[in-house]
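What follows is a single structure, written as structure tokens, with notes after it.
The values are calculated or read from the model by the stated rules, or taken from the named source; none is laboratory data. The model shown is predicted, which means the values in this text are computed figures rather than measured ones. Here the Cβ positions follow ideal geometry from the backbone for every residue, glycine too, while neighbour counts run over all protein chains shown.
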Amino acid sequence: MEPRTTLVATMEAVKLRNLFLVFVVLTVSTVTAHIADFDEVWQNRAEEAMTAACQAYHPDPEKVINHFNKHVHKVTQGDNSTRRELHKYHGPCLATNPIDRCWRCQKNWAKNRMRLADCALGFGRHTTGGKGGKIYMVTDPSDNDLVNPKPGTLRHAVIQPEPLWIIFARNMVIRLSEELIFTSNKTVDARGANVHIAGGSGFTLQFVRNIIIHGLHIHDIKSGNGGLIRDSVNHYGFRSSSDGDGVSIFGATNIWIDHLSMSNCADGLIDVVEGSTAITISNCHFTHHNEVMLFGASDSYSGDSVMQITVAFNHFGQGMVQRMPRVRWGFVHVVNNDYTHWLMYAIGGSQHPTIISQGNRFIAPPNLAAKEVTKRDYAPESVWQSWLWRSEGDLMMDGAFFTQSGNSGQSYSKRDLITPKPGSYVPRLTRFSGSINCVPNSPC
């Protein structure tokens, strides 16, 4: 084999050096974790989470990028359209990217909901959620008892020990009294109902694995006061106050967030921290928020070196300010997203993250001081110039520009990689971002 220094080798070395730190840091970070009493149950969950992260970490992220781009090429083959067609869609199927094509053209989607679990791409592509488990129907939007949640409520559903595919009986607004703490192997599937998580706390995916969240509106989330909260059928404990994230992913693996409409949360819309990995965030519509997505919460926490996230087919729309995303330590593939608004910057980071930006559309704001897509925090150019940040096939509009970095010795091999579709395809690929109105017995 021809000797070469690759990103893969670098990331593997970092992984081996730092994974041993994860469990120690997780077990002592009780304040950050919002766990006031870090008992044996949570210690065991933290240890299991570390093991899951080791298993989910992909030693060759090039293959994941290649796999993703191959699927995009297949869907767009023979289509040279670059227009953002705003008139009524008349195509044979209301699906324009490979994730959606996997399920949305099926008129019997409501009878075969679990097909969705076969459709993820990117680093979270092995996520199956509650596939193979029972269907659990949420019939009650209340959230009045945090220790003994009522059967039929969303809180009762997500703490059950077995895999579940959770759906909703009708349209509803759920105001969570405190953070909603998940157990592993769950799908929350809002297709066929207009479901809003609003006016209260958000979702917490902590030390869990294999979660799909699909089709919800999540907005106007507040920070919580904490208190006694049940986190499984057999355990409850005292939690400190929550930050007010829409979705908080903490020490979790194999997570797929798809077709959410999110806005106006007290903290981040989606935060991914503390050694979480194997995550895809796709087809979401983000609006009216300042600090949108934070990947890696601390410059001092090297355990986030195992973080691998795909951000694909999302629309960053009106009222966006910054952090789309902001990254520390990990590897993030930002691909085929539409950035139509930002006030400060779009993609930022610190502590030498690897960011591969492919086939996105960036429309800069009128402010001449905010034309740059990228922002490096807390590091002089002499330091950040060695970070691997690449822009390939991105469409830059209204003066937008992406400052690349990283030398040839760090660059991942492109020998076997498929060239990404250019950013001119993004209006089509992201056209149906956000929660969509699905009707049973009809293609979605």
query = Does Lys150 meet the test of being modelled with pLDDT under 95, more than 19 Å from His315 (Cα to Cα) and not hydrophobic (A, V, I, L, M, F, W, C)?
reply = no
task = Scan the range 158-194 for residues that are more than 22 Å from Trp103 (Cβ to Cβ) and of a type in the set (A, V, I, L, M, F, W, C) and jot them down.
result = Val158, Ile159, Met172, Val173, Ile174, Leu176, Leu180, Ile181, Phe182
query = Does Ser263 satisfy being in contact with a strand residue (DSSP E or B) (Cβ under 9 Å, 6 or more places away or on another chain), farther than 24 Å from Ser424 by Cα and part of a strand (DSSP E or B)?
reply = yes
ask   = Got a sec? Which of Ile212, Ile167 is in a strand (DSSP E or B), crowded, with 24+ Cβ neighbours inside 10 Å and at pLDDT 95 or above?
value = Ile212
ask   = What is the number of the single condition among (1) within 28 Å of Leu395 (Cβ to Cβ); (2) at pLDDT 60 or above; (3) surrounded by 15 or more Cβ atoms within 10 Å (Cβ to Cβ) that Ala33 does not meet?
value = (1)
note = Taking the range 105-139 and keeping only residues that are surrounded by fewer than 18 Cβ atoms within 10 Å (Cβ to Cβ), assigned to a loop (DSSP other than H, G, I, E, B) and without any contact (Cβ under 8 Å) to a residue 60 or more places away in the chain, one is left with Asn112, Gly132, Thr139
ask   = Here are some conditions: (1) in a loop (DSSP other than H, G, I, E, B); (2) closer than 21 Å to Ile65 by Cα; (3) in contact with a Ser or Thr (Cβ under 7 Å, 6 or more places away or on another chain). Gly348 meets all but one. Which one does it not meet?
value = (1)
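So that you can scan it fast, the table gives a plain yes or no per residue for (1) out of contact with any Lys or Arg (no Cβ under 9 Å at 6 or more places or on another chain); (2) of a type in the set (Val, Ile, Thr):
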{"position": "Asp245", "(1), (2)": "yes, no"}
{"position": "Ala252", "(1), (2)": "no, no"}
{"position": "Thr280", "(1), (2)": "no, yes"}
{"position": "Val292", "(1), (2)": "no, yes"}
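Conditions tested, residue by residue: (1) surrounded by 15 or more Cβ atoms within 10 Å (Cβ to Cβ); (2) modelled with pLDDT of 95 or more; (3) part of a loop (DSSP other than H, G, I, E, B); (4) on the phi > 0 side of the Ramachandran plot.
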site: Ile355; (1), (2), (3), (4): yes, yes, no, no
site: Phe362; (1), (2), (3), (4): yes, yes, no, no
site: Pro366; (1), (2), (3), (4): no, yes, yes, no
site: Trp387; (1), (2), (3), (4): yes, yes, yes, no
site: Gly409; (1), (2), (3), (4): no, no, yes, no
site: Tyr412; (1), (2), (3), (4): yes, no, yes, no
site: Asp416; (1), (2), (3), (4): no, no, yes, no
task = Hey, could you check the range 235-293 for residues that are in contact with an Asp or Glu (Cβ under 6 Å, 6 or more places away or on another chain) and polar (S, T, N, Q) and say which is surrounded by the fewest Cβ atoms within 10 Å (Cβ to Cβ)?
result = Asn264
